[in-house]
Amino acid sequence: MIDNFEYTYLPKGKVIICACDQVYFEIFFYKLYTSFTKNISEFNQLHIHLINPDINLINSIKKGNTKSNVSFSWEGEAQISLIKKLKININDWEKILPIKIKKLLLAHSFSGLPYVQFLYHLALSLGIPWRFLISKNYIKKSFSKTYYASRRFALPKKLLTKTTHILFIDIDSEFKKDFNISFSEGFSVQAIKRKELGWSNFYAGLVFVRMDEVGKSFIENIYKMINDSLDKNIFYWGIDQSCLDMCYEKNLLDSFDKNYMDFTQDSDASFISYKGDKKWNQ
């Protein structure tokens, strides 16, 4: 990941953090920020890390960031060069990736085409090598969005030095009401566990970290995991959730004692994480 960045001021205390590109920022930031100021009392700050914003947005942020409850950081075009350097050795992917990730990537590459997904999964189950089924073009196109999605878990370490508690979220989200998270009790790192069996055990859209010894170890480990996947050119959509599973196996992560999150506007949950095409109509 890129460690060169600029910022208005460092996030401090109990902070909600997300990362995004300029397109997502311009569409979703205002709704998220409004719901944060209206409904959240336990966290004192919202921090947005921007990836490759243009100079007009940077200047606007520098001029307008006068509120203590929101802060910004950003990185430039180095991210584009990093993504371009990634190479796809499909034979390595075939050997390294577990079958559940192969199925996930096939499903995503044919999103919206359930019958095609079924046929490709059937072909995989019949022993046809995955490398003959997956589209290299899909993998290449997914590198950028994978970077955006996983960046919040691999931020420059300096950004987190003044934080005591962190809630990592997606920017295309909304707070419907306040949380009742215990800042002093319970496991140091918590995420929402999936109810259904799937390719991963945890959602990455809501992850709480208390910055004690265990929390800092979680930050170090997930940062290294994501960077290692970049270095090895095994950088796939869903890598952030795979890394959460690996942290769980290392006893660095546990599940929330209650489900704070849902995915639909009419839910009674504290936090809504919008998914799929419906997010554009919220």
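Every number in this text was worked out from the coordinates using simple rules, so none of it is lab data. The model shown is predicted, which means the values in this text are computed figures rather than measured ones. Don't worry about glycine lacking a Cβ; one is built from the backbone with ideal geometry, like all the others, and counts go over all protein chains shown.
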Query raised in the report: Gap in Å between the Cα centre of the stretch 205-232 and the Cα centre of the stretch 131-203?
Result: 10
Query raised in the report: When the dipole is taken about the Cα centre of the stretch 87-143, and only Lys, Arg (+1) and Asp, Glu (-1) are charged at their Cβ, what size is it in debye, to the nearest 20?
Result: 160
Query raised in the report: For the stretch 87-143, what relative contact order do you get, as a whole percent, if you take Cα pairs closer than 8 Å and at least 6 residues apart?
Result: 43
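Using a/c under 1.5 as the rounded threshold, could you call the chain rounded, prolate or oblate? The axes a ≥ b ≥ c are square roots of the C-alpha gyration tensor eigenvalues, and prolate needs a/b larger than b/c, oblate otherwise.
Prolate shape, in that a/c is at least 1.5 and a/b is the bigger ratio.
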Query raised in the report: Among 119, 101, 143, which residue has its Cα positioned farthest towards the positive end of the charge dipole of the stretch 87-143, with +1 placed on the Cβ of Lys and Arg, -1 on the Cβ of Asp and Glu, and the dipole taken about the Cα centre?
Result: 143
Query raised in the report: Against the longest principal axis of the chain, how steep is helix 136-150, in degrees 0 to 90 to the nearest 10, with axes from Cα atoms?
Result: 20
Report summary line: Out of 234, 13, 207 - ranked by how far each Cα lies towards the positive end of the dipole of the chain, with unit charges on the beta-carbon of charged residues - the top one is 234
Query - Angle in degrees between helix 114-125 and the longest Cα principal axis of the chain, rounded to the nearest 10 - result: 60
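With +1 on each Lys and Arg Cβ and -1 on each Asp and Glu Cβ, how big is the dipole of the stretch 14-87 about its Cα centre, in debye rounded to the nearest 20? Please list the in-between numbers first.
Working: 9 positive and 6 negative charges, 16 e Å.
About 80 debye.
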Report summary line: Computed about the Cα centre, the charge dipole of the chain from +1 Lys/Arg and -1 Asp/Glu charges at the Cβ has a magnitude in debye, to the nearest 20, of 500
**Report entry** Placed amide H near residue 236: partners under 5 Å, 5+ positions off or other chain
**Finding:** none
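Cα gyration tensor of the stretch 87-143, axes a ≥ b ≥ c as square roots of the eigenvalues: rounded (a/c below 1.5), prolate (a/b > b/c) or oblate?
Taking the square roots of the gyration eigenvalues as a ≥ b ≥ c, the stretch 87-143 is oblate.
How do the peptides 168-181, 256-269, 212-225 rank, highest first, by the average count of neighbouring beta carbon atoms within 10 Å per residue? Write down the numbers at each step before the final one.
Values: 168-181: 19.1, 256-269: 13.7, 212-225: 17.3.
Sorting 168-181, 256-269, 212-225 by mean packing, highest first, produces 168-181, 212-225, 256-269.
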Query - Sorted by Cβ neighbour density within 10 Å, fewest at the top, the residues 47, 108 - result: 108, 47
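Compute the relative contact order of the chain as a whole-number percentage, counting only Cα pairs closer than 8 Å that sit 6 or more residues apart in sequence.
Details: 440 pairs, mean separation 65.3, N = 282.
Computed over the chain, the figure is 23 percent.
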Query - Spin-label zone in the stretch 85-122 - amide nitrogen under 17 Å from a point set 7 Å from the Cα of residue 246 along the C-beta vector - result: 92-102
